[in-house]
Every structure is written in C-alpha cells, then in structure tokens.
Amino acid sequence: MRKKNKRWLALCCFAALLAVEILIGRFGHGFLRAYVGDVLVIPLIYCFVRIFYVRRCIWLPAAVGGLGILAEVLQYFNLCGLLGIPKGSLLGILLGSSADFGDIVCYAVGVALIYAAEWALVKVRRKRDEG
C-alpha cells in the first residue's frame, strides 16, 4: 500500500473515531461513557500518529498504550492540581483528574484492538497479493 493511501486510511479512521468519541462524550452514559470511550481513545491517538508516521512499526501500538498509562499515573499524582490547571480547561480535560485502574485495562483492550486490526490488514493484503 502506498504512503498516500496509508495516510488517507489513517485520517479517515481518525476522523471516524473522533466523531464517535465526541458523540460518546456528549450523549454517552454509564458503561458506554466509562469504558467504551476509554477503549477507543487509544486507537484514536494511534490513528492520529499514523497520519504522520506511515511506516509499519510493531511497537507503536504499545507506545500509544504506554502514553495512556502515563496519563493515568499523572492523574494519580494529581498533576493538574500541582500545576494549578483548572479541571474544566482543555488541558485539564485532556490530562484528566481521577486515576482509575479500570482505565488501564481499557487502554490494554484498545492496544489489543489495534494489533488485531493491523493483523487483519496484513492478512487482507497478503491474500490480495496472492490472488
């Protein structure tokens, strides 16, 4: 697949996931907002990175998952409070204010979804190239 096509695919996936995340944030309640949004945020960030970095990279999904875990650790140590960042500000919303082990589990599921999607794309490409 050419670089231009990979960028377009990443951009389309990013836009779709961003729309879903916005809808979940605006209208979601309960399980959907608490867990599905956290699962999808990792593929969202991954797709954003893939817009600019199109080379195949086996460690990139894990690195994005690590970024999510880092955000939870910063929440645990109340980084926003230490820096005086208001909870309602954009930076405060992005960093979050409450650490939760369940979020880390959701991030791991998001990383697994990325690996599954990449594996499926490789299989489809191989099948296409054989036939």
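The values are calculated or read from the model by the stated rules, or taken from the named source; none is laboratory data. Computed from a predicted structure; not experimentally measured. All Cβ positions, even for glycine, are placed from backbone atoms using ideal geometry, and neighbour counts span all protein chains on display. Calculation scope for accessible area: heavy atoms of the full protein, side chains included, ligands and nucleic acids excluded. Shrake-Rupley method; radii C 1.70, N 1.55, O 1.52, S 1.80 Å.
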For the stretch 75-131, which helices (runs of 4 or more DSSP H) that fit wholly inside it have 3 or more residues that are surrounded by 14 or more Cβ atoms within 10 Å (Cβ to Cβ) and in contact with a helix residue (DSSP H, G or I) (Cβ under 7 Å, 6 or more places away or on another chain)?
101-130
Any residue in the stretch 50-71 that's open to solvent by 40 Å² or more (accessible area, probe 1.4 Å): show its pairings with residues that are aromatic (Phe, Trp, Tyr) at Cβ separation under 7 Å, as long as the two are six or more apart or on different chains.
Ile69/Tyr107
Given the condition part of a helix (DSSP H, G or I) and closer than 18 Å to Ala116 by Cα, answer yes or no: does some residue in the stretch 22-38 qualify?
yes
